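Read through the structure below, which is laid out as structure tokens, and then see the notes.
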Amino acid sequence: MLYKLGSTDGKFDKLEPVTFKDFSSFGNLEKDLEELIASSILDVLFEDASLMPIFQERQYQAEADIYALNEKGELIIFELKRGAAGEGAVHQALRYAQDAGQWTFSTLQNKYQQYAGNNTDLHLAHKEAFNLEHSLDAKELNKKQHLIIIGSAADDSLISAVDYWKHQGISIDFLPYRIYEIDGKKYFEFFALPYDKHKNPGDVKGVLFDTNRSWDEESIWYMMENSRVAAFGDAKRFVEYVYPGDIVFFSHKWTGLVAAGRVKKGAIKSPDDETLYRDVEFITPIPKKGQTINAMPFGKASEITGKSFFWARTIKVPYLSKDEAENLAKELKTYLEQNT
């Protein structure tokens, strides 16, 4: 809930609840909410969660809105409701979870390939996404299902129904959202499990950032030789998630962390329609084109930070705190200098 602060003589002394709305208040469709959540689920809403989306609802099909796998291979099922939905929405979501629980590996594979638009093996994609030593067996994928319902914070009937089934031992959670209109602008409020932990955008953080090797072997040199962190095409928006002062660790697929740089002050730059970048000042040695690329293995980075990163995206969540980033940068610098 959002409250307006009231004050007397410069001292805060009053809280006034701010009226909120939901998607239906603005004539938006449930599909609009789905697209918003789907496009932001790993970037903003669940910034520290390691989830691998594998399927999204098709129009006119009896399916949940979003399906994802976690590191253990368990299926996370998201059902989204734009406005008041009531207890019937929970019964519908439970049917989706029941159906998904019976999917074979072949079914999962087909759905993932349809979603990804290629013939990538799901075993391999999951292994690479979570940097696992070995691929999970087919029987380990979809062994458990967890249901998450996202809906209006004002939908008391829906909330009560979720609570009932949760108390019956069903793995189900409700995540509320609210929309506020303040001074003509709209704000989306969302609560992520387990206690709505998000990095403050104003705090310095560390970000493991992909060099785009899967699509272009030359992208790394575009960044190294021009002292910039960049992203391209559909992934270019990720540059908007790093800010001046942040430490960026350049993650080169199949290799490791190859360099680190601090983001300089200044605006995001767009030399063309397919590229966004920010300038950085390198604080570690950097690889040179034509020479063997020296890198800290991904497992070593996880060992130093004590974190398991989700590798199948441009930004490798979770983010690092300022102290964690400074320590990893120091360790990376030493590692690269000793292995030159």
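Structural remarks
- Of residues in segment 167-214 being modelled with pLDDT of 90 or more and of a type in the set (Gly, Ala, Ser), the one farthest from the chain's Cα centre (by Cα): 169
- The listed residues are 177, 112, 187, and the only one of them that is open to solvent by less than 40 Å² (accessible area, probe 1.4 Å) and in a strand (DSSP E or B) turns out to be 177.
- Screening residue 121 with (1) touching a helix residue (DSSP H, G or I) at 6+ places or on another chain (Cβ under 9 Å); (2) under 30 Å from residue 163 (Cβ atoms); (3) open to solvent by 40 Å² or more (accessible area, probe 1.4 Å) gives one miss only, at (2).
Results for (1) modelled with pLDDT under 80; (2) under 30 Å from residue 130 (Cα atoms); (3) open to solvent by 30 Å² or more (accessible area, probe 1.4 Å); (4) over 27 Å from the mean Cα position of the chain (by Cα), shown as yes or no for each residue.
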{"site": "2", "(1), (2), (3), (4)": "no, no, yes, no"}
{"site": "27", "(1), (2), (3), (4)": "yes, no, yes, yes"}
{"site": "45", "(1), (2), (3), (4)": "yes, yes, no, no"}
{"site": "48", "(1), (2), (3), (4)": "yes, yes, yes, no"}
{"site": "56", "(1), (2), (3), (4)": "no, yes, yes, no"}
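- Any hit, segment 306-320, residues being farther than 19 Å from residue 132 by Cα and touching a residue at least 12 places away in the same chain (Cβ under 8 Å): yes
- Note on segment 225-235: among residues that are without any contact (Cβ under 8 Å) to a residue 60 or more places away in the chain and open to solvent by 60 Å² or more (accessible area, probe 1.4 Å), the one that is farthest from residue 314 (Cα to Cα) is 226.
- Entry remark, segment 144-174: residues being within 19 Å of residue 66 (Cβ to Cβ), outside any loop (DSSP other than H, G, I, E, B), open to solvent by 30 Å² or more (accessible area, probe 1.4 Å) and not aromatic (Phe, Trp, Tyr) number 3 in total.
- The number of residues in segment 279-324 that are among the aromatic types (Phe, Trp, Tyr) and assigned to a loop (DSSP other than H, G, I, E, B) comes to 4.
- Pair list, Cβ < 8 Å and 6+ apart or interchain, from segment 258-282 residues that are within 29 Å of residue 334 (Cβ to Cβ) and open to solvent by 30 Å² or more (accessible area, probe 1.4 Å) to residues that are charged (D, E, K, R) and in a loop (DSSP other than H, G, I, E, B): 262/246; 279/264; 281/264
The values are calculated or read from the model by the stated rules, or taken from the named source; none is laboratory data. Please read all numbers here as calculations on a predicted model, not as lab measurements. FYI the Cβ positions are ideal-geometry reconstructions off the backbone, even for glycines, and counts take in every protein chain you see. Remember, those area values only see protein heavy atoms, side chains included, never the ligands or the DNA or RNA. Shrake-Rupley method; radii C 1.70, N 1.55, O 1.52, S 1.80 Å.
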